[in-house]
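The structure appears below as structure tokens.
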Amino acid sequence: MKRNIKLIDDFVYKLIDNKSEQMSKQRGDFMKKEDILSRFLIERERGSDNIEDRYLRDIILNFIIAGRDTTAGTLSWLLYMLCKHPHVQEKVAQEVREATGIKDNAAMDEFAACLTEEAINQMQYLHASLTETLRLYPAVRW
């Protein structure tokens with residue numbers, strides 16, 4: 001158990017270090033980022049002394065753990081809907097292939113390497129499909 005906790009801690013602390021380093025290299029551009037870690041790091045830079053790496057680790061883990069079930073449910077419904085509507089499935093697959101430039105028989109690590117922010121931003125039909133899935137099957141019911 002301790003080994004697994006250390007593994008998670010190491011991953012999250014590395015994430016914090018990488019984001020801090022990225023922000024220091026991109027002085028003006030990082031203010032445009034909307035992720036929560038960037039916001040906390042900006043506050044820390046402005047002088048909030050109580051924002052330590054351990055506190056950031058706890059926040060990140062809360063978001064990861066809290067998002068697990070809703071993400072799994074949403075992806076399950078998306079896959080279900082894609083199976084029910086093969087024409088949509090094919091259109092999504094074609095868009096992903098075009099955005100990443102990857103072939104059908106590519107290995108998973110090759111595919112993952114092609115998933116850049118730019119490629120994901122080109123996947124508008126996938127985004128629309130996911131948004132429609134969330135409309136039909138909300139992750140959190142009211």
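For this structure, a couple of remarks:
- Whichever residue in region 1-30 is farther than 20 Å from I64 by Cβ and surrounded by fewer than 11 Cβ atoms within 10 Å (Cβ to Cβ) and, among such residues, is modelled with the highest pLDDT: E21
- Members of region 39-60 that are of a type in the set (K, R) and farther than 15 Å from D17 by Cβ: R39, R46
- Annotation for region 92-101: at least one member residue is in contact (Cβ under 8 Å) with a residue 12 or more places away in the chain and out of contact with any helix residue (DSSP H, G or I) (no Cβ under 8 Å at 6 or more places or on another chain).
- Qualifying residue in region 37-58 (condition: more than 29 Å from V12 (Cβ to Cβ), over 15 Å from the mean Cα position of the chain (by Cα) and either among the hydroxyl-bearing types (S, T, Y) or at pLDDT 90 or above (or both)): no
- For region 88-97, the count of residues that are of a type outside the set (F, W, Y), out of contact with any Leu (no Cβ under 6 Å at 6 or more places or on another chain), surrounded by 11 or more Cβ atoms within 10 Å (Cβ to Cβ) and closer than 30 Å to L7 by Cα is zero.
- Filter result for L56 (closer than 27 Å to A139 by Cα, assigned by TED's automatic domain parsing to the domain that holds T131 and surrounded by 15 or more Cβ atoms within 10 Å (Cβ to Cβ)): no
- Scanning region 38-72 for residues that are among the basic types (K, R) and over 29 Å from T131 (Cα atoms) yields R44, R46, R54, R57.
- The residues on offer are E118, E110, E90, and the sole one that is over 28 Å from I8 (Cβ atoms), at pLDDT below 95 and part of a helix (DSSP H, G or I) is E118.
The values are calculated or read from the model by the stated rules, or taken from the named source; none is laboratory data. What you see is a predicted model, and the numbers here were worked out from it, not measured in a lab. Virtual Cβ from ideal backbone geometry, glycine too; neighbours counted across all protein chains shown.
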